[in-house]
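The values are calculated or read from the model by the stated rules, or taken from the named source; none is laboratory data. Just so it is clear, the structure is predicted and the values come from calculations on it, not from any experiment. When we count neighbours, we look across all protein chains shown, and the Cβ atoms used for this are built from the backbone with ideal geometry, even at glycine. Heads up: the accessible areas ignore ligands, DNA and RNA and are worked out on the full protein's heavy atoms, side chains in. Shrake-Rupley method; radii C 1.70, N 1.55, O 1.52, S 1.80 Å.
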Amino acid sequence: CCDKRKALLVLLTSMRLERDLNELIIKSLFYPVFLFGLSFVMVIFVNGMLLRTFQSLLTFMGPKMDIGFYQGVFTAIIFFDSLMLLVFSFGFLFFHQRKKRLYQIFSRLKPNNPWTKVLSHQFCLKFLHFYRLGETVDQILKQIRWSSDEVLSDCCAQVESLLEEGIELNQAVKRIDPQLEIYFKMSDEGLPIEKYLENHNRIQELILKRQIKGLSRIILGYSYLKIAVIIVVVYQLMLKPIEMMGNYL
């Protein structure tokens, strides 16, 4: 009962940190994602209605306006955006239904990924909390398993299995994050692990924030590029009547 009370306190702390991370993601990505969606709708509108409307209005002024190039550009953008939305939707659905399997695939394709950094951060935070309470490594791993989601819980179970096989802790924790090996090796040599794990957590937080902001800049830049393409195409379409009138003069 006492152990579960301790784990509950860590679970609440972890939930607070996850909430803070979610707020950071939402604040950083809300405007870029909104602009991405808005520009996507604008491209569909221009490609589906505006181009044909301009073509119909200008037909009587001369030869039929060729909009094939513009349609090709917008169709390529629509295809790419639709593919991205499909991949994101599939990933979001898979994340909630097959989270553990998705992490296994993701970590194989990209070992040093943001998801691993989040898990590493959560593990270190909880490990430090229980470690300061004087718990043994076995008790700490059990408490972390109890207070974590299925992915981190599974990683801790793998660490426990390796320890039962006689593997050293600094090697076993590589199942969670390979970067943790050096910190736990320092602990085996008698160095204070708290200081190093705290520094590790601060570094992970900074890296995550930088990656989230980098992603937001990419989405924002791509959205601005689409809007710029729309403006250029519409501007050229608006110049067509002037060009045609000049041919008559």
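Flag not set for PHE130, criterion: of a type in the set (Phe, Trp, Tyr), surrounded by 13 or more Cβ atoms within 10 Å (Cβ to Cβ), without any contact (Cβ under 8 Å) to a residue 60 or more places away in the chain and part of a helix (DSSP H, G or I).
Going through (1) modelled with pLDDT of 85 or more; (2) surrounded by fewer than 12 Cβ atoms within 10 Å (Cβ to Cβ); (3) within 18 Å of VAL232 (Cβ to Cβ) one by one, ASP66 falls short only on (1). Out of (1) surrounded by fewer than 20 Cβ atoms within 10 Å (Cβ to Cβ); (2) among the polar types (S, T, N, Q); (3) not in a loop (DSSP other than H, G, I, E, B), what's the single condition that is false for ASN112? The one condition ASN112 does not meet is (3).
Sub-8 Å Cβ pairs linking a first residue in segment 48-64 that is under 21 Å from THR75 (Cβ atoms) to a second residue that is aromatic (Phe, Trp, Tyr) and modelled with pLDDT of 65 or more, at least 6 apart or interchain, are LEU51/TYR70; LEU51/PHE74, ordered by first then second residue. Can you find even one residue in segment 228-241 that is closer than 23 Å to ILE78 by Cα and of a type in the set (Ser, Thr, Tyr)? Yes; the residues of segment 228-241 include at least one that is closer than 23 Å to ILE78 by Cα and of a type in the set (Ser, Thr, Tyr).
List the helices (runs of 4 or more DSSP H) that sit entirely inside segment 138-249 and contain at least 3 residues that are modelled with pLDDT under 90 and surrounded by fewer than 17 Cβ atoms within 10 Å (Cβ to Cβ). Qualifying helices (runs of 4 or more DSSP H): 180-188, 193-248. Per the conditions (1) at pLDDT below 85; (2) of a type outside the set (Ser, Thr, Tyr); (3) open to solvent by 40 Å² or more (accessible area, probe 1.4 Å), the sole criterion not satisfied by VAL41 is (1). Across segment 69-83, the qualifying residues are those that are at pLDDT 85 or above and surrounded by fewer than 12 Cβ atoms within 10 Å (Cβ to Cβ), and the one among them that is farthest from VAL234 (Cα to Cα) is LEU83.
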